[in-house]
Amino acid sequence: MPKAKRRPKHKNMLAVSIPIVLVLSILIIYYVYTHSSSSAPSSSPLNQQYISVYVDGSTYRVSKNDIASIVSKVIKDNQRESINLIAFGATTCPFCRNLHEFFEKYFKDKCLFLWIDDPNNADLFRNLAKIEQNNGLPPSYAYSVPQTIVVKHGEPIAIVIGGITDASFWQNLLSA
């Protein structure tokens, strides 16, 4: 008498496990999609809680609110509402003098250059450096000059450390 063919058990398990894996995959993708898009910051720099600090090919993040306090003080003290670039530099620094000349040529009405040789400006710069250091920047970067805070609609959107004299670089930052 011929033996009846028995169906292997693993085929039944496979038939059940494939739909379960598919359903779980869809649920995981849905969860990741809904949670990442709701908590992700807006792409607009004005809506972010942090701003980028660009230095020596690296990018750091600092608290926007902390930097905003410095920006508002500079705007108020200098009565310059339409300012877009707040630069800190030392008169003894050749890179600072070069950046100052560059800003005077290309962004004269948009830039305020603050020399840290002045005690009031030095205090502002120390506050900026402390904020940067508290947010993870190494002191060698935080206390470097020149440093430029990029401002849009009275709010900081980025900080650039270094004497970059490329007009398109600054235009791109200002149009972000």
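Quick notes on this structure:
- Single residue of segment 147-165 satisfying the filter (over 14 Å from Asn84 (Cα atoms) and aliphatic (A, V, I, L, M)) that is surrounded by the fewest Cβ atoms within 10 Å (Cβ to Cβ): Ile164
- The listed residue being hydroxyl-bearing (Ser, Thr, Tyr), buried (at least 18 other Cβ atoms within 10 Å of the Cβ) and in the same structural domain as Gly57 (by TED's automatic domain parsing), out of Ser168, Ser140, Ser144: Ser144
Yes/no matrix, rows are residues, columns are (1) under 16 Å from the mean Cα position of the chain (by Cα); (2) β-branched (Val, Ile, Thr); (3) modelled with pLDDT of 95 or more; (4) surrounded by 10 or more Cβ atoms within 10 Å (Cβ to Cβ):
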position: Tyr30; (1), (2), (3), (4): no, no, no, yes
position: Thr34; (1), (2), (3), (4): no, yes, no, yes
position: Ala40; (1), (2), (3), (4): yes, no, no, no
position: Asn47; (1), (2), (3), (4): yes, no, no, yes
position: Glu81; (1), (2), (3), (4): no, no, no, no
position: Phe102; (1), (2), (3), (4): no, no, yes, yes
position: Asp109; (1), (2), (3), (4): no, no, no, no
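- Residues that are in contact with a Lys or Arg (Cβ under 9 Å, 6 or more places away or on another chain) and among the acidic types (Asp, Glu), drawn from segment 148-176: Glu155
- Remark: Ile75 falls outside the filter, which requires a residue to be surrounded by 18 or more Cβ atoms within 10 Å (Cβ to Cβ), assigned by TED's automatic domain parsing to the domain that holds Ile161 and among the aliphatic types (A, V, I, L, M).
The values are calculated or read from the model by the stated rules, or taken from the named source; none is laboratory data. Every value quoted in this text rests on a predicted model; they were computed, and no experiment measured them. We place every Cβ from the backbone using ideal geometry, glycine too, and count neighbours over all the protein chains shown.
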